[in-house]
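What follows is a set of notes on a single structure, which appears directly below.
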Amino acid sequence: MLAIARKKLSIRRKESRKWREPPEKALRFENVIIQETNLPFEQVEESKKMLGDALQLCGIENEIASFMKRKFDAKYGGHWQCVVGRNFGSHLDPIQFIHFTVSKISVILFR
């Protein structure tokens, strides 16, 4: 039974790695989709700009998460957390948050 679960997870991981859109098409500021948020409009717009900067400057998901966290900590204070990835689950009870996607990358920024 455990072997079946591992095989399914392995298949899902392989499938998630298959997406390959041209960077100029996939990771554009205009393609950011807000899934859910309770942030004010100004913070939503600022987070979209920061994500665009992060996508241009950073190469991997961990760097994107660190970039977003540091920028939000500096600008809005507090202890912000950021999760970036193509395949993850979460159950959070944050005070403030935003969940958005660009191409197949999801980002959750919360405190």
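For residue 48, only one of the following conditions fails: (1) free of Cβ contacts under 8 Å to residues at least 40 places away in the same chain; (2) of a type outside the set (A, V, I, L, M); (3) part of a helix (DSSP H, G or I); (4) farther than 14 Å from residue 110 by Cβ. What is its number?
(1)
How many of the residues in the range 66-86 are of a type in the set (Phe, Trp, Tyr) and out of contact with any Phe, Trp or Tyr (no Cβ under 8 Å at 6 or more places or on another chain)?
2
Of the residues 18, 104, which is modelled with pLDDT under 90 and surrounded by fewer than 10 Cβ atoms within 10 Å (Cβ to Cβ)? Working first, answer last.
Values: 104 fails: surrounded by fewer than 10 Cβ atoms within 10 Å (Cβ to Cβ).
Testing whether each residue is modelled with pLDDT under 90 and surrounded by fewer than 10 Cβ atoms within 10 Å (Cβ to Cβ) leaves just 18.
Check the range 75-82 and report whether any residue there is surrounded by 15 or more Cβ atoms within 10 Å (Cβ to Cβ) and modelled with pLDDT under 90.
Taking the range 75-82 first, the residues surrounded by 15 or more Cβ atoms within 10 Å (Cβ to Cβ) are 80-82.
So of that shortlist, the ones also modelled with pLDDT under 90 come out as none.
No; the residues of the range 75-82 include none that is surrounded by 15 or more Cβ atoms within 10 Å (Cβ to Cβ) and modelled with pLDDT under 90.
Given the structure, is residue 88 of a type outside the set (D, E, K, R), assigned to a helix (DSSP H, G or I) and without any contact (Cβ under 8 Å) to a residue 60 or more places away in the chain? Walk me through how you get there before you give the answer.
Values: of a type outside the set (D, E, K, R): yes; assigned to a helix (DSSP H, G or I): no; without any contact (Cβ under 8 Å) to a residue 60 or more places away in the chain: yes.
The answer is no for residue 88.
The values are calculated or read from the model by the stated rules, or taken from the named source; none is laboratory data. These figures come from a predicted structure and were not determined experimentally. Cβ sites come from the backbone with ideal geometry, for glycine too, and all protein chains shown count toward neighbours.
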